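A.B. asks: Sharing a structure, written as structure tokens. Questions coming.
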Amino acid sequence: CVDWRLSRLLTGNYVRSARQMDWLAVRNGELLALASEHFDVFLTVDGNLAFQQPVTSIPIAVIVLRGKTSRLKDLEPLVPSILKAIKDAKPGIVQFISS
């Protein structure tokens, strides 16, 4: 659900959306497991994901964005915090970034 254009602002990182990976039909729990095979960090605007999935048992860090909305204009101000969170990310840990 994260606007793919946000990836342009996450310079220095290899960023792909679920759509780009052809994972749109994959459900959250399976999506995290699949993403952990290819990536170190999972970025989402789904605040419930961290509570609905066994994040601590999956070897991927999760960053939940809490913007005013999930629109790009509301997520852009979070970019400096996102970049820092990516750098500090630890597998099995959920970080929340709010505007």
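The values are calculated or read from the model by the stated rules, or taken from the named source; none is laboratory data. Just so it is clear, the structure is predicted and the values come from calculations on it, not from any experiment. Here Cβ is always computed from backbone atoms with ideal geometry, including for glycine, and neighbour counts include all displayed protein chains. Calculation scope for accessible area: heavy atoms of the full protein, side chains included, ligands and nucleic acids excluded. Shrake-Rupley method; radii C 1.70, N 1.55, O 1.52, S 1.80 Å.
A.B. asks: Would you mind working out the accessible area per residue for the chain, using a 1.4 Å probe, and quoting it in Å²?
C.D. replies: 64
A.B. asks: Now, a different point. Quantify, in whole percent, the carbon and sulfur part of the accessible surface of the chain (1.4 Å probe; protein heavy atoms only).
C.D. replies: 50
A.B. asks: Check LEU43: other-chain or 5+ apart residues with amide H under 5 Å from its amide H, H built from backbone geometry?
C.D. replies: Distant-sequence amide H within range of LEU43: ILE63.
A.B. asks: Ranked by accessible surface with a 1.4 Å probe, highest first, in what order do THR44, THR69, THR11, THR56 come?
C.D. replies: Ranked from most to least accessible, the order is THR56, THR11, THR69, THR44.
A.B. asks: Kindly provide log₁₀ I(q)/I(0) values, in the same order as q = 0.10, 0.13 Å⁻¹, from the Debye equation applied to equal alpha-carbon scatterers of the chain.
C.D. replies: Reported log10 I(q)/I(0), two decimals: -0.23, -0.39.
A.B. asks: Considering every Cα-Cα pair within segment 29-74, what fraction, in whole percent, is farther apart than 17 Å?
C.D. replies: Above the 17 Å cut-off, segment 29-74 has 32 percent of its Cα pairs.
A.B. asks: Moving on to the next point. Taking the Cα centre of the chain as origin and charging only Cβ (+1 Lys, Arg; -1 Asp, Glu), how large is the dipole, in debye to the nearest 20?
C.D. replies: The dipole magnitude comes to about 320 debye.
A.B. asks: Pairing the Cα long axis of helix 79-88 with the longest principal axis of the chain, what angle in degrees results, from 0 to 90 and rounded to the nearest 10?
C.D. replies: Rounded to the nearest ten degrees, it is 40.
A.B. asks: Can you list the HN-Hα couplings for segment 43-59, worked out from phi with the Karplus curve (6.51, -1.76, 1.60; θ = phi - 60°), rounded to whole Hz and with x for Gly and Pro?
C.D. replies: Using θ = phi - 60°, the values come out as 9, 8, 10, 7, x, 7, 3, 5, 9, 9, 10, x, 4, 5, 9, 10, x Hz.
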